[in-house]
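Here is the structure we will look at, set down as structure tokens.
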Amino acid sequence: MSKLTRFGVSLDNNLLAKFDSRIKSKNYTNRSEAIRDLIREDLIKKDWQEGKEVAGAITLIYDHHKRELVNKLMGIQHDFGDMIISAQHVHLDHSNCLEIIAVKGSSKKAQQLADTLKSVKGVKHGTLSMTSTGKDI
Ligand code: NI
């Protein structure tokens with residue numbers, strides 16, 4: 001772990017009260033950890049915006065009975081095979097499938113993969129959760 005530095009922050013009382021109430025509802029035990037998370041969140045967002053190497057998870061919900069849908073989704077994933085770390089398929093019920101795809105690579109390419117998968121006809125919902133590779137935070 002790198003060396004810790006303490007620093008003071010001046011805040012308006014009302015703003016601090018709102019922040020304390022907010023972090024209490026999120027179960028933080030102290031302000032320092034909440035502020036560290038806010039800083040990390042901002043740095044990760046910057047990495048995503050600048051197209052740096054990131055990690056993420058794509059989730060898709062779809063009806064596997066739709067014609068050609070599964071083949072199309074597989075074809076797209078093979079096209080982006082160099083950035084897919086793993087894919088998990090869950091049969092939610094008789095018709096609906098949940099697919100969770102873990103990715104690592106350029107943020108632009110991750111966004112492109114998620115958008116391409118979500119735009120396939122028959123995909124009911126898709127999300128891209130963006131995070132860091134953990135190296136620089
Ligand atoms: Ni299934």
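The values are calculated or read from the model by the stated rules, or taken from the named source; none is laboratory data. Since the structure is predicted, the reported quantities are computational estimates derived from the model, not experimental observations. FYI the Cβ positions are ideal-geometry reconstructions off the backbone, even for glycines, and counts take in every protein chain you see.
Go through (1) free of Cβ contacts under 8 Å to residues at least 40 places away in the same chain; (2) part of a loop (DSSP other than H, G, I, E, B); (3) in contact with a strand residue (DSSP E or B) (Cβ under 9 Å, 6 or more places away or on another chain) and name the single condition residue 81 misses. Condition (3) is where residue 81 drops out. As a summary of the residue check, residue 56 satisfies the conditions (1) within 16 Å of the ligand (Cβ to nearest atom); (2) surrounded by 15 or more Cβ atoms within 10 Å (Cβ to Cβ); (3) closer than 22 Å to residue 131 by Cβ except for the one numbered (1).
When residue 74 is tested against (1) more than 16 Å from the ligand (Cβ to nearest atom); (2) assigned to a helix (DSSP H, G or I), exactly one condition is not met: (1).
For the range 86-113, a residue qualifies if it is more than 10 Å from the ligand (Cβ to nearest atom), part of a strand (DSSP E or B) and surrounded by 12 or more Cβ atoms within 10 Å (Cβ to Cβ), and the qualifying residues are 87, 100, 101, 102, 103, 104, 105, 106. For the range 114-129, a tally of residues being within 16 Å of the ligand (Cβ to nearest atom) and in a helix (DSSP H, G or I) returns 1. For the range 82-92, check the following and say yes or no: at least one residue is out of contact with any Pro (no Cβ under 8 Å at 6 or more places or on another chain) and at positive phi. No, the range 82-92 has no match at all.
Evaluated against (1) at pLDDT 95 or above; (2) in a helix (DSSP H, G or I), residue 57 falls short on exactly one condition, (2).
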